[in-house]
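The next block holds one structure in the form of structure tokens; read it before the comments.
The values are calculated or read from the model by the stated rules, or taken from the named source; none is laboratory data. Because the structure is a prediction, the values reported are computed rather than measured. A quick note on method: Cβ atoms are made from the backbone with ideal geometry, for glycine too, and the neighbour counts reach across all protein chains shown. SASA here: full protein model, heavy atoms, side chains in, ligands and nucleic acids out. Shrake-Rupley method; radii C 1.70, N 1.55, O 1.52, S 1.80 Å.
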Amino acid sequence: MPVITIATIPHAAERELLQGVADAVADALELAPGDVIAMSIPVRTTVTNGATTDADADPWALISIHGSDRGAEKTGRACEAARRAAADWSRRQVADGGVDLEGVWCEWLLPQHP
């Protein structure tokens, strides 16, 4: 069961973001309803090195998918689906006067065994 964490600025429509990314990853991996979990990690402040002001105006979304080894093709497909879903969500928010993500990064993390 893949578990997705999305770190980005808090937003009133973050549940929609989580659901869209979870559904996209499930579709990419051909998983059944209930097989993917997504949770948000709110980013309250962002700074850039050498700057004297916060960088919140240009937020990024960092998506980590935690799951077992499914091979490079499937994990790549899942990450691309997650990136697209987050970017699509951002475009819809911009159309409604909301958040404009500067970019989306996604990675697949394998379990670490002792």
**Prompt:** Using the alpha-carbon atoms, what tilt in degrees (0 to 90, nearest 10) does helix 72-95 show relative to the longest principal axis of the chain?
**Reply:** 30 degrees
**Message:** If you wrap a convex hull around the alpha carbons of the range 10-114, what volume per residue comes out, as a whole number of Å³?
**Reply:** 132 Å³
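How much length would be gained if the chain were fully extended between Arg84 and Asp35, taking 0.36 nm per residue of separation minus their Cα-Cα distance, in nm to one decimal?
Length difference between fully extended and current span is 15.7 nm.
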**Among 77-86, 23-32, the order from most to least packed when residues are scored by Cβ within 10 Å on average** = 77-86, 23-32
**DSSP beta bridge pairing in the chain, given as percent antiparallel to the nearest 5** = 30 percent
**Request:** Express the carbon and sulfur contribution to the solvent-accessible surface of the chain as a percent, rounded to the nearest whole number, probe 1.4 angstrom.
**Result:** 53 percent
**Fill in**
Which residues qualify? For His66, with a placed amide H closer than 5 Å and at least 5 residues away or on another chain, they are Val3, Ile4, Thr5, Leu109
